[in-house]
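Q: I'd like to ask some things about the structure below.
The values are calculated or read from the model by the stated rules, or taken from the named source; none is laboratory data. Nothing here was measured: the structure is a model prediction, and the numbers come from that model. Cβ atoms come from the backbone with ideal geometry, glycine included; neighbour counts cover every protein chain shown.
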């Protein structure tokens, strides 16, 4: 489905590669996807904090791409694997249909991406014999580390968190908070912040970031496409980096319901074996947009499509 608009005399064709398209949102089997505009950002910890693997800070350009507005939920994942159980924590369920799926490995996540592509007649991005991602395919995949961090920042340049630099304002994220502290008194939390959930919240329960994405900090950490390399930032391409070609560990990002300040920063990089699962790790899908669109141009487009 194509939608053509004229911006400043220039004809731009926006191609939707998922089921249906309206404005800046793409609709497919997994629900709504937001169009993340192309642009540059400073990747890494620009505030002189964090681990060595977050440095050096470097300029990265990413093309426009689609990203799930919400983390994949248990209900969505069970369309693919009906018997999946996300379990619970200390008597509290993590397994409700509207909570984000957890206890999924990196392999589970990429297999879901391929399955979702097949359901919509799109090309599968992953070769499940080698686990390589073919970025020329039009199907679903995990976001690259660069895409994830760029999208998480939501247009806030060089900020510590998705909401800015300080403590979270009310209603912005599901993190280690006063509700959790009342249940687990030894937890270190954001003092005075209460999101109302001791464990995972239904996806999309909190305010979106500047790109219309929900839960990019807290709720669950999210698998990315890249293999992990602690020194990758010193040799990363400046345009659309996709990570090392091989590796031992997969990367996940974003902090979770049991994370405090340090682990919720946009720049934090974490790793795990691709077979491992955890009650604080889930994922969301991404896919190519088909057309690079700059932030300025996309702002003009959105104003015309309202």
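Q: Scan segment 243-253 residue by residue and report those that are more than 20 Å from residue 52 (Cβ to Cβ) and in contact with a strand residue (DSSP E or B) (Cβ under 7 Å, 6 or more places away or on another chain). Before you say what the answer is, go through the steps one by one.
A: If we filter segment 243-253 for residues that are more than 20 Å from residue 52 (Cβ to Cβ), which is where we start, we get 245-246.
The one that is more than 20 Å from residue 52 (Cβ to Cβ) and in contact with a strand residue (DSSP E or B) (Cβ under 7 Å, 6 or more places away or on another chain): 246.
Q: Further, regarding this structure: Output the qualifying pairs, or none if there are none: Cβ atoms under 6 angstrom, residues six or more apart or on different chains, first residue in segment 134-160 and within 18 Å of residue 32 (Cα to Cα), second residue surrounded by fewer than 17 Cβ atoms within 10 Å (Cβ to Cβ).
A: 138/123; 139/123; 154/210
Q: May I ask you to list the residues in segment 217-249 that are under 13 Å from residue 269 (Cβ atoms) and surrounded by 24 or more Cβ atoms within 10 Å (Cβ to Cβ)?
A: Within segment 217-249, 221, 222, 223, 224, 226 meet the criteria.
Q: Go through (1) part of a loop (DSSP other than H, G, I, E, B); (2) over 16 Å from the mean Cα position of the chain (by Cα); (3) in contact (Cβ under 8 Å) with a residue 40 or more places away in the chain one by one and return the number of the condition residue 60 breaks.
A: All conditions are met except number (1).
Q: Return yes or no: is residue 174 at pLDDT 95 or above, closer than 25 Å to residue 97 by Cβ and touching a strand residue (DSSP E or B) at 6+ places or on another chain (Cβ under 8 Å)?
A: On the way: at pLDDT 95 or above: yes; closer than 25 Å to residue 97 by Cβ: yes; touching a strand residue (DSSP E or B) at 6+ places or on another chain (Cβ under 8 Å): yes.
Considered against the rule, which asks whether it is at pLDDT 95 or above, closer than 25 Å to residue 97 by Cβ and touching a strand residue (DSSP E or B) at 6+ places or on another chain (Cβ under 8 Å), residue 174 comes out as yes.
Q: Looking only at segment 111-132, filter to residues that are in contact (Cβ under 8 Å) with a residue 40 or more places away in the chain and outside any loop (DSSP other than H, G, I, E, B); which one of those is surrounded by the fewest Cβ atoms within 10 Å (Cβ to Cβ)?
A: The residue in question is 119.
Q: What number goes with the only condition from (1) closer than 25 Å to residue 270 by Cβ; (2) under 19 Å from the mean Cα position of the chain (by Cα); (3) loosely packed, with under 15 Cβ neighbours inside 10 Å that residue 75 does not pass?
A: Unmet condition: (1).
Q: Among the residues of segment 97-110, are any surrounded by fewer than 16 Cβ atoms within 10 Å (Cβ to Cβ) and touching a strand residue (DSSP E or B) at 6+ places or on another chain (Cβ under 9 Å)? Working first, answer last.
A: Looking only at segment 97-110, we keep the residues that are surrounded by fewer than 16 Cβ atoms within 10 Å (Cβ to Cβ), and these are 97-98.
Applying the additional criterion that residues be touching a strand residue (DSSP E or B) at 6+ places or on another chain (Cβ under 9 Å) yields 97-98.
Yes, the conditions are met somewhere in segment 97-110.
Q: Looking only at segment 63-92, which residues are touching a residue at least 60 places away in the same chain (Cβ under 8 Å) and under 20 Å from residue 197 (Cβ atoms)?
A: Let us first name the residues in segment 63-92 that are touching a residue at least 60 places away in the same chain (Cβ under 8 Å), namely 63-73, 86-90, 92.
Passing the criteria: 69, 70, 71, 72, 73, 86, 87, 88, 89, 90, 92.
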